[in-house]
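Bear in mind that the values in this text are calculations on the coordinates, not laboratory data. What you see is a predicted model; the values in this text were computed from it and never measured. Note that we place each Cβ from the backbone using ideal geometry, even for glycine, and neighbour counts take in every protein chain shown.
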Amino acid sequence: MNAKRIQLIQVARKALGLDETAYRAILLEYGGADSAKALDDHGFAQVMDRFRYLGFVSDQRKASFSTYGRAGMASPAQIALIRDLWSANTEGADETALNRWLDGHFGISARRFLPGGKAHKAIGALKAWERRKKESAP
């Protein structure tokens with residue numbers, strides 16, 4: 001168990017306001033361990049799933065896609081729309097395939113690196129793809 005994962009567990013614990021007894025019970029029941037350091041990968045995933053079920057929301061994703069300090073970059077709404085259009089057009093293809101498509105068409109290796117103008121073009125391309133799919137459907 002690495003230090004970043006342990007830190008994330010502690011952040012979730014504090015955000016949820018769990019006392020020591022409740023925290024240890026979750027570690028044992030969902031992670032199969034009596035401490036965060038003793039969790040394996042599966043146990044960590046199970047504990048984090050339980051924390052999310054209880055209402056924990058990590059702000060790391062929000063911070064990585066925020067517009068603060070990222071002038072000219074795609075907005076979080078544009079990023080989400082690209083993901084949703086991609087998923088609809090490809091019947092759920094993964095992020096790796098989306099990144100390959102972005103790289104091939106726009107020279108950008110991942111959504112988070114999209115400038116606002118290219119995000120607008122990517123959204124237009126995905127909407128056109130969606131229209132063509134609907135027109136060609138029987």
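Return the tail of the calculated pair distribution for the chain, meaning the percent of Cα-Cα pairs more than 24 Å apart.
Numbers: 4739 of 9453 pairs.
So the portion of pairs separated by more than 24 Å is 50 percent.
Counting only other residues whose beta carbon sits under 11 Å from that of residue 110, what net charge do I get with K and R as +1, D and E as -1? Numbers along the way, then the final one.
Numbers: positive: 100, 111, 112; negative: 95, 103.
Local charge sum for residue 110: +1.
Less than 15 Å apart at the alpha-carbon level, and either on another chain or at least 8 residues along: which aspartates and glutamates does that give for residue 127?
84, 91, 135
With +1 on the Cβ of every Lys and Arg and -1 on the Cβ of every Asp and Glu, and nothing else charged, how large is the dipole of the chain about its Cα centre, in debye rounded to the nearest 20?
Values: 22 positive and 15 negative charges, 145 e Å.
Result for the chain is approximately 700 debye, rounded to the nearest 20.
Looking at 136, 51, 39, which one has the Cα that reaches farthest to the positive end of the dipole of the chain (charges on Cβ: Lys, Arg +1; Asp, Glu -1)?
Of 136, 51, 39, it is 136.
Angle, helix 3-16 long axis vs. longest principal axis of the chain, Cα atoms, 0 to 90°, nearest 10?
80 degrees
What lysines does residue 14 reach when the alpha-carbon gap must be under 24 Å and sequence neighbours fewer than 8 apart in one chain are set aside?
Within the straight-line cut-off, residue 14 pairs with 4, 37, 62.
From zero up to wherever the largest Cα-Cα distance of segment 63-136 sits, split into 5 Å bins and tell me the percent of pairs in each.
3, 17, 28, 26, 16, 7, 2, 1, 0
Give the value in nm², to one decimal: projected area of the alpha carbon convex hull of segment 3-58, averaged over all directions. Please list the in-between numbers first.
Details: hull surface 12.9 nm².
That works out to 3.2 nm², a quarter of the Cα hull's surface.
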